[in-house]
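Asks: After the structure tokens below, expect a handful of questions from me.
The values are calculated or read from the model by the stated rules, or taken from the named source; none is laboratory data. Values in this document were obtained by computation on a predicted structure and should not be read as measured data. Virtual Cβ from ideal backbone geometry, glycine too; neighbours counted across all protein chains shown. The accessibility values were calculated without ligands, DNA or RNA, using every heavy atom of the protein model including side chains. Shrake-Rupley method; radii C 1.70, N 1.55, O 1.52, S 1.80 Å.
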Amino acid sequence: MSKERYQDFPLRKKVMSAAGPYLELAQALLFLAFGILTLVDGQAAFKLLQAIAVAGLVIAGGARCFHMLASQKKLAAIITVVGFGLLALLIALHPAVFTYPAGVVFGGWFIISGLARGTIAVQCWAENLEGKFRNSFASLLSLVFGVLLVVNPSLRLPTVFTISGVYLVIYSATLLLDFISGLFLSDQIGDRIKRKVRISLPMFITAFIPSRLIDDFNRYFTVHQDEGGMMRESNRNNGEKAPLEVFIHLSDAGFGRMGHVDIRLDNTVYSYGCYDHHANRMLGMVSDGTVAVAPAEPYLRHCLTFENKVLVGFGLDITEREREVVIEQLEELKKVLVPWKSDLEKKRDGEAVKGDCKDAASELVKATGASIYKVKSGPFRKYFAINTNCVKLADSIIGPAGLDIMRVNAITTPGSYFSMLDEMFQRGGTVVTERTIYCDKKRGRTLAKKLAKQAEKKQKQSVG
């Protein structure tokens, strides 16, 4: 994919991989210094943030004003200057207007996180999985802490300072570890150092990353109607496609906007989800765990055309030893799989089936010849959207090969996985050496026609 041609592509960022480790060091030191300042003197850290926010609003307002004046939008420029100016003045003179709501936001975050961890704990107890006591304790602690923050205003500001300071110090430590392993260790030992502790963004942010991405892609392809297909960026010198690839699915439809993750090894795709629609409960949040195994090329074609998705593929440049580990993990998974038939296959075998066999599993089998299996035992026997989900299964297969993610919140989403993989690709010098955008070539023209029809419909309604 030509860097010159796709300067405005939704994922385009200008990052020099050679400077990656030193940028990590600078970021780590900056976060460490600010984290220590926040813990030692929260008020001083807050005043510094206050000054940065005011300066940022003034600069942003001025930049937008000049841009609008250049476009002959004088009224909009005046409104922008007044709006940004009033907001900057309010932050400078009355910061408490924003600090107290921050406590409520933090409290709400902890309550939501506590409820999520509580549901995970219930699953762990019901399925006799690891993490029963850890998730129960984390849920109780988060709920109590969140309620206290919401109910007692006096706790909010100092508690926010403490939490922020601890978070920044821990985050800076992870960046320092990345810097050290990337700069000093990778060339000195045979097995590359890729196992890192990563601090992810909150779940309520990462969960919506796929939704935002599909909207960005739709806008892009509506303007660039003749582009699509497979657009690939690679840090590999030999030009060959990576043998292991992680797909992030982006969709316009319903819960599909939250994304999906599966993996490709060579020419085979392994996808975990809730393919048995008869077993779905809670709008598909809970179901029997099923694994689809499909040939890569027809699987991609089915996702792009029939399911109307955009896929982002991250290629992993694994060694032979790491490849063997991935294969071993797949073999371990296969030991707990039993064949399962979709409605279409049951109908072909003469079994009685209700409905028209238009469910996702039947369509996948019809288009790709996929084999679908149910998980008979182990942690993935039951699919649970916020715990034993598609991300966790994919990571359980490729993680032991060196791409481990150990998150503080223990709740993985397709958005958080995308964020981690994309950051590794952008940084360069990591196991993630490719990023490929898969899109149906007709997508842009289809979207443009749809928008034209909507505009025509609105015009007729306004005339009527």
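Asks: Take Asp266 and Arg281, extend 7 Å from each Cα along the Cα→Cβ direction, and tell me the distance between the two endpoints in nm.
Replies: The modelled label-to-label distance comes out at 3.9 nm.
Asks: A further question follows. Kindly state, to the nearest 0.05, the FRET efficiency for Lys376 paired with Leu93, given R0 = 51 Å and r defined as their beta-carbon distance. Numbers along the way, then the final one.
Replies: Values: r = 64 Å, r/R0 = 1.26.
Calculated transfer efficiency: 0.20.
Asks: Here's another thing I want to ask about it. Nearest 0.05, what FRET efficiency do Lys441 and Ile112 give at R0 = 41 Å with Cβ-Cβ as r? Don't skip to the end; give the middle numbers.
Replies: Details: r = 40 Å, r/R0 = 0.98.
Efficiency for this residue pair is about 0.50.
Asks: Hey, any idea what % of the stretch 240-304's accessible area is carbon plus sulfur with a 1.4 Å probe? List each step's numbers first, then the result.
Replies: Working: 1460 of 2400 Å².
Here it works out to 61 percent.
Asks: Right, next: Between Glu351 and Val166, what's the calculated FRET efficiency when r is the beta-carbon distance and R0 is 60 Å? Round to 0.05.
Replies: For R0 = 60 Å, the calculated efficiency reads 0.55.
Asks: By how many nm would the segment from Val338 to Asp252 lengthen if fully extended, with 0.36 nm per residue of separation less the alpha-carbon distance?
Replies: On the way: separation 86, 0.36 × 86 = 30.96 nm, distance 3.21 nm.
Going from the current span to full extension adds 27.8 nm.
Asks: How far apart, in nanometres, would the label points at Met230 and Leu39 be if each is projected 7 angstrom from Cα along the Cα-to-Cβ direction?
Replies: 4.9
Asks: Here's another thing I want to ask about it. For the stretch 306-384 and the stretch 32-90, what is the separation of their Cα centres, given in Å?
Replies: When both Cα centres are located, 50 Å separates them.
Asks: Expressed as a rounded percentage, what relative contact order does the stretch 21-147 have, with Cα pairs under 8 Å and six or more residues apart? Can you show the working numbers first?
Replies: Numbers: 94 pairs, mean separation 23.1, N = 127.
It rounds to 18 percent for the stretch 21-147.
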